Amino acid sequence: MSKTYLPFLGLLCISIMQLNAQAVTMAYYTPGNYTFTVPTGYVANITVQAWGGGGGGGNNNVRAKGGGGGGAFVTNTYAEVPEGDYAIVVGNGGAPGQAGGSSSYTFTEGTVTAEGGRQGGNNGGNGGGFTGMAGAGSSNGGDGGARSGPGGAGGGGGGSGVAAGAGGDAAGPNSAGVGGVPGGGAGGVDGDSGQNGSAPGGGGGGRGDNGASSGSGGGGWVIVIVSSSPLPVELSAFEVGLEGAKVALHWTTATELNNEKFIIESSTEGEIFSAIGEIQGAGTITETRDYRFVHHTPFAGVNYYRLKQMDFDGNFAYSKVVAVEAPGKVDMLLFPNPAKDQIYLQYPINNGPSQIQLFDALGRRIKTSITGNTGNYEVKLPESLAGGTYWLKVERGGKVQTLAIVKQ
């Protein structure tokens with residue numbers, strides 16, 4: 001299979017691109033207040049889903065009780081959400097005898113709230129409703145089921161989600177109410193406790209007569225799905241070159257969103273890649289960030305490299321492939337490195353260089369003073385040369401070697 005790669009094989013390969021990303025999902029599972037940020041300079045297409053917390057089953061005495069209501073479910077899709085901070089609230093699940101907390105999100109069309117379900121009593125608690133401009137598919141929580149009577153069984157908790165179902169009523173001491181789908185907890189029979197509702201938003205089941213406790217409601221959730229821009233990571237440069245017998249990889253990100261880490265992968269034929277190391281990402285930032293990784297044991301010949309960028313939620317994306325030719329044996333030394341104003345190149349007397357050239361990261365030749373004698377060369381770096389990574393291309397014996405230089 002033929003493969004095409006960028007030029008300067010053996011010198012450096014540069015790609016200016018964005019990673020091909022999957023959708024970014026931000027999930028908020030713990031009750032509290034959060035901020036979702038669209039970075040400066042971006043717009044985003046966003047789908048949001050929120051469930052209110054489920055209500056707990058009734059719990060004011062040891063008699064059988066009704067189940068708690070399920071939390072409401074709301075969803076919206078927003079196009080071209082501009083840069084800025086947007087509020088997220090996640091409601092708690094209600095303890096026995098308590099209502100569930102409300103969940104909400106505030107984007108371009110105002111605040112949309114999924115109310116928590118009400119706690120059960122002798123009858124079941126009502127399911128939560130919703131307020132604001134909720135989108136299609138939003139649904140009230142299911143009502144909790146009623147107890148069968150004093151000395152009887154508890155009612156089931158209400159469900160939470162699209163077209164949530166109500167909890168079942170208890171039919172007698174040994175016939176507790178079933179939980180409403182999805183997520184409602186079942187009631188307890190005479191002498192047993194009710195079951196907890198499941199997150200997100202299921203209502204807790206009511207206890208049976210003399211049961212230890214009714215069930216708690218499931219906690220609320222909010223999930224934000226970014227279906228397009230901003231991408232998780234925007235790479236502005238990805239470079240690879242030699243440092244003696246080692247291969248140095250340098251890359252720069254212009255922005256990062258939800259970026260947990262980079263996994264560096266290598267291959268000897270450009271088809272099957274293996275991980276050779278990891279570098280932690282910066283999470284979410286809008287300023288440039290530089291990264292560096294050194295492959296200490298490359299194979300003699302052409303080595304191919306790519307980056308696997310991982311989000312905190314498990315989504316990932318690959319960079320393009322870059323390549324460099326590593327020598328089987330290095331008999332040339334370069335020092336000091338990093339350097340301030342000059343570097344020295346030493347080589348065997350019988351295998352000296354025929355040409356030495358200095359290049360910047362974009363492959364542009366830099367004029368510099370090079371002097372030397374048998375076995376040694378001195379390369380003076382221009383005073384005006386900015387700090388950064390440069391590449392010394394050395395031709396000798398019909399072969400080319402490239403050494404990375406860091407200018408302080």
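Here, each number is a calculation from the coordinates, and none is a lab measurement. Quick caveat: nothing in here was measured; it's all calculated off a predicted structure. Backbone-built Cβ (ideal geometry, glycine too); neighbour counts: all protein chains shown.
If you plug each phi of the stretch 172-184 into the Karplus form 6.51 cos²θ - 1.76 cosθ + 1.60 with θ = phi - 60°, what whole-Hz ³J(HN,Hα) values come out, in order, with x for Gly and Pro?
For the stretch 172-184, the Karplus-derived couplings read x, x, 10, 9, 6, x, 7, x, x, 9, x, x, x Hz, x marking Gly and Pro.
Stretch Asn315-Ser369 to full length: gain in nm at 0.36 nm per residue minus the Cα-Cα span?
Gain on extension, Asn315 to Ser369, equals 14.6 nm.
Let's test the formula: R0 of 45 Å, r as the Cβ-Cβ distance of Thr47 and Ile279. What FRET efficiency results, to the nearest 0.05?
The calculated FRET efficiency here is 0.90.
Under a point spin-label approximation (7 Å from Cα along Cα-to-Cβ), what is the Gln342-Ala300 distance to one decimal in nm?
3.5
Which entry in (i) 66, 20, 15; (ii) 37, 27, 24; (iii) 45, 22, 19 is this structure's computed semi-axes √(5λ) of the Cα gyration tensor in Å?
Of the labelled values, this structure produces (i).
Quick one: Karplus J couplings for the stretch 121-136, per residue in order, coefficients 6.51, -1.76, 1.60, θ = phi - 60°, nearest Hz, x for Gly and Pro?
x, 5, 9, x, x, 6, x, x, x, 9, 10, x, 7, 6, x, 4
Mind telling me which of Gly71, Gly201, Gly151 comes out most flexible in a GNM of the chain, alpha-carbon contacts under 10 Å?
Fluctuation is largest for Gly151.
Beyond 27 Å between alpha-carbons counts as too far, so tell me which of Lys246/Lys320; Lys308/Lys380; Lys246/Lys308; Lys320/Lys340; Lys340/Lys393 fall in that bin.
Pairs exceeding the cut-off: Lys308/Lys380; Lys320/Lys340.
Amide H of Thr284 versus every other amide H placed in the peptide plane: which residues, excluding those fewer than 5 positions away on the same chain, fall under 5 Å?
Residues meeting the amide H criterion: Asn258, Asn259.
Give the aspartates and glutamates whose C-alpha is closer than 18 Å to that of Lys367, dropping any in the same chain fewer than 8 places away, or say none.
Result set, ordered by chain and number: Asp341, Glu378, Glu383, Glu395.
At 0.36 nm per residue, minus the direct Cα-Cα distance, what do Glu83 and Glu378 gain on full extension? Give it in nm, one decimal, please.
So the extension gain works out to 101.1 nm.
Between Phe107 and residues 5 or more places away or on another chain, which pairs have amide H atoms under 5 Å apart, with H built 1.01 Å from N, and which residues are they?
For Phe107, whose amide H was placed from the backbone, the distant partners under 5 Å are Val112.
Apply the Karplus parameterisation 6.51 cos²θ - 1.76 cosθ + 1.60, with θ equal to phi minus 60°, to every residue of the stretch 378-385 and state each ³J(HN,Hα) to the nearest whole Hz, in sequence, with x for glycine and proline.
With the stated coefficients, the stretch 378-385 comes to 10, 10, 8, 7, x, 4, 7, 5 Hz.
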